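Below is one structure, written out as structure tokens; comments come after it.
The values are calculated or read from the model by the stated rules, or taken from the named source; none is laboratory data. From a predicted model like this one, the values you see are computed outputs, not experimental measurements. Here the Cβ positions follow ideal geometry from the backbone for every residue, glycine too, while neighbour counts run over all protein chains shown.
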Amino acid sequence: MSDVGLPASVEALRRVREDPHRLGHRAHGPTEPIEGAGHGATGPAHKRIVVGYGFWIYLLSDIVLFSCFFAAFAVQRGATAGGPTLAQIVDIRRVGFETAALLLSSYTCMLSFAATNARNRLWTEIFLLVTGLLGLVFVLLELQEFIELAGQGITPQRSGMLTSFFGLVGLHGLHVTAGGLWLATMMAQVLVKGFRPEIVHRLICFNLFWHALDIVWIGIFTIVYLMGINA
Amino acid sequence: MSNPASEPHLYSGASHGQHDHAPGDEPAESAGHWVRNANLGLGFSIVLTVAAFLLAGSHLVYPPAIPVALIVLAIAQMGVHLVFFLHITTGPDNTNNVLALAFGIMVVFLIVIGSIWIMDNLNRNMMPMEQPMEMQP
Amino acid sequence: MFGKLSLSAIPLSQPIPLITSFIVILIALYVLVLITVKGWWPYLWREWITSVDHKRIGVMYCLLGVVMLIRGFADAIMMRTQQAVAINAPGYLPPDHYNQIFTAHGTIMILFGAMPLVLGFMNFLVPLQLGVRDVAFPTFNSVGFWLTASGALLVNVSLFIGEFARTGWLPYPPLSETTYTPGVGVDYYLWAVQISGAGTLITGINIVTTVLKMRCRGMSYLRMPVFCWTALASCMLIVAAFPILTATLAMLTLDRYVGWHYFTNTAGGNPMMFVNLVWAWGHPEVYILVLPVFGIFSEIFSTFSGKPLFGYRSMVAATLFICIVSMLVWLHHFFTMGAGAAVNTFFGISSSIIAVGTGVKIYNWIFTMYGGRVRFEAPMLWSMGFIFTFVIGGLTGVLLAIPPADFLTHNSMFLVAHFHNVIIGGVVFGLFAGVEFWFPKAFGFRLHEGWGKAAFWFAFIGFWVTFTPLYVLGLLGMTRRLQHINVPEWRPWLYMSVVGVGILVLGVISQVTQLVVSIRNRERLRDVTGDPWDGRSLEWATPSPPPFFNFAVMPNVEGEEAYWGIKLRAIESQQLSPEPTYEPIEMPVNSPVGFYTAFFASVFGFAMIWYIWWLAAVALVAAFAGFVIFAWRDVHEIEVPAEQVAQVDRDRRAAREALLARISRQGALS
């Protein structure tokens, strides 16, 4: 028995009470158990955390998918095969409008989620609708760009550079379109079912997805369009 | 619809750090905090976007430095999105998220930079072709 | 109306695919009729097809893998025998048929044989070892399995409708572009692999989330069994690497279908970029296969040596090291493609360094055995065979990692021998070891030990007799994928290899016999306690087979080797821990959405292959509709009443009491 402190039996009881799983006291790290953070004290995390994290991991895989198309673009940006160069097809004004639309839609998406957290159905739907409309503006502008180019005979079949240009930008547009379909489904679900836990979980996932698309767009407008002006 | 009985995780604990967070997730009591993040994020993003658009194709900066400047602005804006819209922080409740993100960034870096390096070397060593259809080095 | 599809797609003029298709269709029809006549459809639908239980899904994955392994092995037999008889002779397989066979062999073995087996093991074991009830996304898990099965179905359909790719298992352009391969073969490959790749990605996401966010109380990261660490690393690689495959195959698909120029050799396409990107996937892929198998061995070595695994932390570190470095080595698959000295040197060094991680593991396994009481039952035999075989295979790999040496051996039979050495010696041996080890847990009865040992010895000896000649042939200058041989000096080696194949066939027969004999004698071989091997991790705490909710009460973990601690405490105190309070358990309900999605994925894939655009559109719309209907469901959990939980657990406790009494009588642990 030590001079300082309590009898061993009391010590043992204190240890069991404070550290029931004998995880040991760590000099670093949090002193209170954090659910789902892996330090082991709390068991499986709440479904909200699990769903959100799983979707985060999916998003990382999607980012890797985009990076392959970026890599292909980087490799092929000079492969014009005697056809038009990047500088000749870039329309900065339109890209500016597309960027503004997508950035604003990310903002309204955040606001809709704030409304969801406040359990306000009306404002959730309103901001989701605005998000969807802004996304639609983005997609329509992009379609307009593609149709105009095709009208001039500038198609992905013309050269390697055009293939990877249309591929990268088109893949992003496809994601935005899919996101739009998902958004419409979510709006219907919120209308019919309200803010049940699984609906909120899906809205968390949708938010992650929409913001990630804007992050990818930052990469695209910088590397493809802005850097392409001088190509 | 949301109350302490049905969603105790949203209402328990006085401190934030009691619960792990998925990216972009906040407990209910921080709705105002959420809007503030959105406004800040939008503001910074607009500044960075406008700067990038003005910089490209202009002569405000030493021209060969423009691509680097654009990339810096892009990375900064991606950071703004991650922090303000997706709420990635360095808190202990976010460690898993940050680690996963770091892993993803590493993979993206390897694929993009690795491919550029490898393909550039391959192309440089490729036999010259007669027609002017090959890639520029 | 039917696109490119017509009656000429059926290979009436080619006897081998025709007869094979006939036999396969007959067997399939027999099975379907049997199930119908015996009235098993309701049971199969309820308990297996719509199941979201990770254990059921794991078993189905393994079943798919085993069936496809047999098909891949049949391809191998054909290849080895063709090469033995086609020395200055035509052989019995015409070139374009032979090319389909080696393409199918590689594709099936890796993507539809080994991958499903590895995914099946991870699915079955990870929740049990972590002390939880299911993976993070159970219904999604079902979708993933059925998509993989859909891909496998498409590959097999190519046998009797159309043809398969002739490009090798990685379809390099420009050969795989429409200009040089206008037929449907490459399209079958593309859609089958894309669809099953989506399934694999789903499992990857599921397992990563499960390991990181769902563990029972007290199970911190450094208390997880090593198998869970390797599953985590492998699934992190899946999440990182499979999108690369998706992207690359999508680019090739776009080239083929709409005339784009990613990889063409005209108009600015770059065929070498395919090689670069596909190996950026391909190398992590082999580590995706081998890392969980390393985890299997870690469990087996510690259990059968009666000792904790040596160097747990270094094992974890080595696993994560291998995970990261595996993304830094991919160029070693195309050293000879002309990237130059600087690039080759970098990747040569990284490829040599990655061996260090595996070396650490090998030493840890050996030191685990040292000082322990080693039991040489079937799982341990496979593990010892693995150590010997894999080390040699790994050494030839380090040889290949040196660019100047690789310039001589690239695409020779030396390379073929090397990768079969590590894949068979590593992945296949590990999977068989795992099957022997965990079969009792999954099905409730043990496997016949004698036939298991016979299967191992045939496989081990057969492997070396088959592949040692291939090493020699590679050094003698023989290249891979030869349909006929012009060098008579190679004859003795090719014959020896066929003898080895014969021994391997005996191994396969022994393995099947083991299964049949064990099923016949299952009452005598019944595993009543749930712990037939004196196990150390939590899956051995459950009955065999475990109830669908895994644990009546989720365990509280207080140390490493959670179950071992529980067992020792029970033995020392001569009694089980007190009976817990039973509460109702919520479990996810079954769902047909996985099967439904995969059905329409198969239809979509088939329609795209044959250019039947209206059918493809219908399938897509139907799949989306199914997704929306599924998302609309109100009931997604079912509550298991506490009395039912209590009943199941009391049976388990009774069996454990009996085991405890037996151990006490024996007076020793094992």
| Does the stretch A:74-88 contain at least one residue that is farther than 19 Å from A:I218 by Cα, more than 8 Å from every other protein chain (Cβ to nearest Cβ), outside any loop (DSSP other than H, G, I, E, B) and more than 25 Å from the chain's Cα centre (by Cα)? | yes
Residue count, the stretch A:196-231, condition outside any helix (DSSP H, G or I) and surrounded by fewer than 18 Cβ atoms within 10 Å (Cβ to Cβ), comes to 4
task = Inspect all residues belonging to the stretch C:234-253 and state whether any of them is in a helix (DSSP H, G or I), of a type in the set (V, I, T), within 11 Å of another protein chain (Cβ to nearest Cβ) and farther than 26 Å from B:I111 by Cα.
result = no
| message | Any residue at all in the stretch A:149-172 that's in contact (Cβ under 8 Å) with a residue 24 or more places away in the chain, over 22 Å from A:S67 (Cβ atoms), assigned to a helix (DSSP H, G or I) and of a type outside the set (D, E, K, R)? | response | yes
The residue from C:F439, C:F432 that alone is crowded, with 18+ Cβ neighbours inside 10 Å and more than 27 Å from C:F419 (Cα to Cα) is C:F439
| request: Kindly check whether there is at least one residue in the stretch C:132-149 that is within 9 Å of chain A (Cβ to nearest Cβ), aromatic (F, W, Y), outside any helix (DSSP H, G or I) and out of contact with any Phe, Trp or Tyr (no Cβ under 6 Å at 6 or more places or on another chain). | output: yes
Note on the stretch C:191-219: residues at the interface with chain A (Cβ under 7 Å from one of its Cβ atoms), in contact (Cβ under 8 Å) with a residue 60 or more places away in the chain and not charged (D, E, K, R) are C:I205, C:T209, C:M214, C:C216, C:G218, C:M219
Considering the stretch C:467-506, residues that are among the polar types (S, T, N, Q) and buried (at least 17 other Cβ atoms within 10 Å of the Cβ), and then whichever is farthest from C:M78 (Cα to Cα), we arrive at C:T468
key: A:L149 vs. criteria surrounded by 17 or more Cβ atoms within 10 Å (Cβ to Cβ), touching a Leu at 6+ places or on another chain (Cβ under 8 Å) and either over 18 Å from A:Y225 (Cβ atoms) or modelled with pLDDT of 95 or more (or both)   = no
Taking the stretch B:47-62 and keeping residues aliphatic (A, V, I, L, M) and either within 7 Å of chain A (Cβ to nearest Cβ) or at positive phi (or both) leaves B:A52, B:A56
> Does C:S176 qualify as being under 26 Å from A:L171 (Cα atoms), in a loop (DSSP other than H, G, I, E, B) and at pLDDT 95 or above?
Replying inline: yes
- Message: Please verify whether C:G605 is surrounded by 17 or more Cβ atoms within 10 Å (Cβ to Cβ) and touching a residue at least 40 places away in the same chain (Cβ under 8 Å), treating the condition exactly as stated.
- Response: yes
Could we say that A:G132 is over 20 Å from the mean Cα position of the chain (by Cα) and either under 25 Å from A:N207 (Cα atoms) or at pLDDT below 95 (or both) here?
no
If we keep only residues of the stretch A:114-123 that are within 14 Å of A:R196 (Cα to Cα) and assigned to a helix (DSSP H, G or I), then the residue modelled with the lowest pLDDT is A:N117
Those residues of the stretch C:627-670 which are among the aromatic types (F, W, Y) and either outside any loop (DSSP other than H, G, I, E, B) or touching an Asp or Glu at 6+ places or on another chain (Cβ under 6 Å) (or both) amount to C:F627, C:F630
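Rundown of residues vs (1) without any contact (Cβ under 8 Å) to a residue 24 or more places away in the chain; (2) among the small types (G, A, S); (3) surrounded by 15 or more Cβ atoms within 10 Å (Cβ to Cβ), yes/no style:
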residue	(1), (2), (3)
B:I46	yes, no, yes
B:L55	yes, no, yes
B:I66	yes, no, yes
B:H81	no, no, yes
B:I88	no, no, yes
B:N94	no, no, yes
B:L110	yes, no, yes
B:G114	yes, yes, yes
B:N123	yes, no, yes
Counting only residues that are under 17 Å from C:H105 (Cβ atoms), touching a Pro at 6+ places or on another chain (Cβ under 6 Å) and part of a loop (DSSP other than H, G, I, E, B), the stretch C:152-173 contains a total of 1
Within the stretch C:254-280, the residues that are facing chain A (nearest Cβ under 7 Å) and crowded, with 24+ Cβ neighbours inside 10 Å are C:W260, C:H261, C:Y262, C:G268, C:G269, C:N270, C:M273, C:L277
Expected single match for at positive phi and touching a residue at least 40 places away in the same chain (Cβ under 8 Å) among C:G311, C:G295, C:G340, C:G282 is C:G311
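Conditions tested, residue by residue: (1) closer than 20 Å to C:F121 by Cβ; (2) assigned to a helix (DSSP H, G or I); (3) among the aromatic types (F, W, Y); (4) touching an Asp or Glu at 6+ places or on another chain (Cβ under 8 Å).
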{"site": "C:Y287", "(1), (2), (3), (4)": "yes, yes, yes, no"}
{"site": "C:F297", "(1), (2), (3), (4)": "yes, yes, yes, no"}
{"site": "C:F304", "(1), (2), (3), (4)": "yes, yes, yes, yes"}
{"site": "C:M327", "(1), (2), (3), (4)": "no, yes, no, no"}
{"site": "C:F346", "(1), (2), (3), (4)": "no, yes, yes, no"}
{"site": "C:A355", "(1), (2), (3), (4)": "no, yes, no, no"}
Quick count over the stretch C:631-653, residues being more than 14 Å from chain A (Cβ to nearest Cβ) and either in contact with a His (Cβ under 6 Å, 6 or more places away or on another chain) or of a type outside the set (A, V, I, L, M, F, W, C) (or both), is 10
